[in-house]
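Step one of this worksheet: look at the structure below.
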Amino acid sequence: MGSSVSQSGKKAIGVGSAVALLCVLIGLYVSSWATSLPAKVSATPAPPSSGGTQLTLETVAAVGPKYSSHPDWVSYLVRKQDKWVRSTIYTVPANSVVHVTLYQYDGDSGLRNPFLSQVQGTVGGTETVDGKTVNSINPEEASHTFVIPQLGVFVPLPGVEEEAKNQCEFAPCEGTAHRTITFSFKTGKKGRYRWQCFVPCAAGTIAGFGGPMQTLAYMDGFINVV
Ligand SMILES: [Cu+2]
């Protein structure tokens, strides 16, 4: 009798500590998930003649194993010093002009809402696409958009043609088939502004809006205006 009690006691302690360990592991997992934010990347000074600061971005069809545990997800990357990093949190100065150069390495998905194919809220209300100044693109050609709703900035990004040769497979993409888009926007007062893509570009997810479209640091992020 005594030995059976102590045995079940031992069992209870064993089960109890296994459960406790499991809880600790779950806690660690959740806290690391909840606090893992991408690094902040600051805009760099732009050439003095242009004033303001510069952000250099690229979009890729597949982020690849070097940048993510979801190698086939679409993503934005940002240039930091001489490297492409996967971050979508940018720090820019208040009341200033930010010049953006964006290399589009992804193909087109098309917009559901053609309204978003118009350029809005940029300096001059335009963007340049491969050197040509435009105020809208063909909605079917949209690959991604760069939109900061609170600042009224809407920039549609046309994709690489489907038949283009030499397409980039995995990030970082450099020199393979791409479109070059430039635009500038004014920041205004200090604050934290959300930006995001509005193209249903998350291939293989429900309505194209799952996965990278609903996980921070792929197709959306924040602009910290400081
Ligand atoms: Cu997108």
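Every read-out reported here was derived from the displayed coordinates using simple, explicitly stated rules and does not represent laboratory data. Here the structure is a predicted model, which means the values were calculated and not measured. FYI the Cβ positions are ideal-geometry reconstructions off the backbone, even for glycines, and counts take in every protein chain you see.
Applied to segment 127-132, the Karplus parametrisation 6.51 cos²θ - 1.76 cosθ + 1.60 on θ = phi - 60° returns per-residue 3J(HN,Hα) values of 9, 10, 10, 6, x, 9 Hz, with x for Gly and Pro. Sorted fewest first by neighbouring Cβ atoms within 10 angstrom, Met219, Met213 come out as Met213, Met219.
Which pairs break 28 Å Cα to Cα here: Lys40/Lys165; Lys40/Lys190; Lys132/Lys189; Lys83/Lys189; Lys83/Lys186; Lys40/Lys186? Table pairs above 28 Å Cα-Cα are Lys40/Lys165; Lys132/Lys189; Lys83/Lys189. For segment 85-166, the set of trypsin sites (Lys or Arg not before Pro) satisfying both a DSSP loop assignment and a count of at most 16 other C-beta atoms within 10 Å is given as Arg112, Lys165. When Asp130, Asp220, Asp106, Asp82 are arranged by Cβ crowding within 10 Å, least crowded first, meaning fewest neighbours, the order is Asp82, Asp130, Asp220, Asp106. Beta-bridge orientation, the chain: approximately 70 percent antiparallel, per DSSP, counting only bridges with both partners inside. With the helix formula -39500 (n - 2.57) applied to DSSP H stretches of n ≥ 4, the chain reaches a computed 222 nm mean residue ellipticity of -5500 deg cm²/dmol.
Annotation: amide H-H contacts under 5 Å for Gly107 (H modelled 1.01 Å from N, sequence separation of 5 or more, or interchain): Val160.
Compute and list, largest first, the equivalent-ellipsoid semi-axes of the chain from the alpha carbon gyration tensor, each √(5λ) rounded to a whole angstrom.
Details: eigenvalues 380, 87, 50 Å².
Here the semi-axes work out to 44, 21, 16 Å.
Looking at segment 50-85, which trypsin sites (Lys or Arg not before Pro) are DSSP coil and have at most 16 other C-beta atoms within 10 Å of their C-beta? Mind showing how you got there, number by number?
Working: sites: Lys66, Arg79, Lys80, Lys83; in loops: Lys66.
Here the sparse-neighbourhood loop sites are Lys66.
Sites counted here are GluC sites (Glu not before Pro) in a DSSP loop (not H, G, I, E or B) having no more than 11 other Cβ atoms within 10 Å; the longest part of the chain that contains none of them is 1-161.
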